[in-house]
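Remarks on the structure that follows.
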Amino acid sequence: MTSATGQVDQADLDQEVIRRVLNGSRDAFELLIVRYSDPLYRHALGMTGSPDVAEDILQQSFIKAYAHLGEVRGRFDAWVFRIVANACKDWLKNIRRSHVSYEEDDQPSSYSTPEEELDRNELRTDLEVALAALAPALREAFVMKHVEGRSYEEMAELLRTTVGALKMRVHRAREALQHLLEGKYA
Amino acid sequence: MYDDLNAPEDHSDPQLGFQPRSKTDDADSALPNHLPDREVPIPNGGSTAVLHQWLDGEVSIAVVRATQGGNDSVDLWNKIHDEAETLRSRTTPLYVHKRIMDSLPEDTYRGRPWYKRTFALNPATMLVAAAALLGIGAIVAHAVLK
């Protein structure tokens, strides 16, 4: 976890990069992409369940961020996170999916046996189906807490809401997931 | 911050004042023999609250396991967290960085006039600005006093 001083230093570095981009150095923007793409990609992947969709959302969000870079006030990472988070929620609201996911996943397997891999794939699919049944705001809170491992305080800062509201969302998401999965896995 | 899913599974937790149940202190053993088994489910509002506390890292795993259905809940959430851990280790495919850079417009900020450019406010730029203002002030004063 980043310390407060570390965040301030990082914010200063980001501001310097932004100044360079705004003064015409397009290539400097790649520093921001490299610095922040992983957590943003994981958020998009957790929210959509599809690597292809997550990549598209990431690409569109960085293009949008580049076009509006002069409007950044405060921390760039929080600002660009909100762009990605909104894109994910828009996608969830618009899409009607009957099945999911990770179908194009080409990451190497880390399971020891084919049986273990089969079990994990089944859980992954069931978990994705259960997550897809949640309202976007509940899924977002669950993904940020349990997949991204963020604290409630950090989530509140990024989403500009209260810790109490987020705890409520996470609790409701957990209860819904437990209800959907416990018959098979508990 | 991650929840502690590797806490010891020992049911006793002296800090919380919890001791493992034994046959002798089991409340059921004190009941008369003719009473039928309980068929009405015990409301699990308490165990749900404890589960949330554990998932938020506020109580140990032993406390959850001691509640009704606690072992099943812990097993389920350990599986979910294993899956979440896999997702947490994912990184952006490298070709995505290039794809994003290739799709950025070339001329958005190139060729901006100097007065639209941004300047970092540091001691050096402040010194230059102060010197420039002093110079302008001196010229204006000289012209007025002439």
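Of the residues making up region A:62-82, those that are basic (Lys, Arg) and surrounded by 16 or more Cβ atoms within 10 Å (Cβ to Cβ) number 1.
State whether one or more residues within region B:64-87 are touching a strand residue (DSSP E or B) at 6+ places or on another chain (Cβ under 8 Å), more than 9 Å from chain A (Cβ to nearest Cβ) and either surrounded by 10 or more Cβ atoms within 10 Å (Cβ to Cβ) or modelled with pLDDT under 85 (or both). Yes, some residue in region B:64-87 is touching a strand residue (DSSP E or B) at 6+ places or on another chain (Cβ under 8 Å), more than 9 Å from chain A (Cβ to nearest Cβ) and either surrounded by 10 or more Cβ atoms within 10 Å (Cβ to Cβ) or modelled with pLDDT under 85 (or both). Counting only helices (runs of 4 or more DSSP H) that sit completely within region A:133-186, those holding 2 or more residues that are more than 11 Å from chain B (Cβ to nearest Cβ) and of a type outside the set (A, V, I, L, M) correspond to A:136-142, A:163-185. Screening residue B:99 against (1) modelled with pLDDT under 90; (2) surrounded by fewer than 17 Cβ atoms within 10 Å (Cβ to Cβ); (3) at the interface with chain A (Cβ under 8 Å from one of its Cβ atoms); (4) assigned to a helix (DSSP H, G or I) leaves a single unmet condition, (1). In the set B:104, B:94, B:121, only one residue is loosely packed, with under 15 Cβ neighbours inside 10 Å, closer than 24 Å to residue A:69 by Cβ and at pLDDT 80 or above; that residue is B:94. Annotation note: of A:28, A:44, A:65, the sole residue that is free of Cβ contacts under 8 Å to residues at least 12 places away in the same chain, assigned to a helix (DSSP H, G or I), more than 8 Å from chain B (Cβ to nearest Cβ) and hydrophobic (A, V, I, L, M, F, W, C) is A:28. Screening residue A:12 against (1) modelled with pLDDT under 90; (2) away from chain B (no Cβ under 12 Å) leaves a single unmet condition, (2).
Residues in region A:21-41 that are modelled with pLDDT under 95 and in contact with a Leu (Cβ under 9 Å, 6 or more places away or on another chain): A:21, A:22, A:26. Return yes or no: is residue A:129 at pLDDT 95 or above, in a helix (DSSP H, G or I) and surrounded by 12 or more Cβ atoms within 10 Å (Cβ to Cβ)? For residue A:129, the condition - at pLDDT 95 or above, in a helix (DSSP H, G or I) and surrounded by 12 or more Cβ atoms within 10 Å (Cβ to Cβ) - is not met.
The values are calculated or read from the model by the stated rules, or taken from the named source; none is laboratory data. None of the values given here were measured: they were computed from a predicted structure. Positions of Cβ are generated from backbone atoms using ideal geometry, with glycine treated the same way; all protein chains shown enter the neighbour counts.
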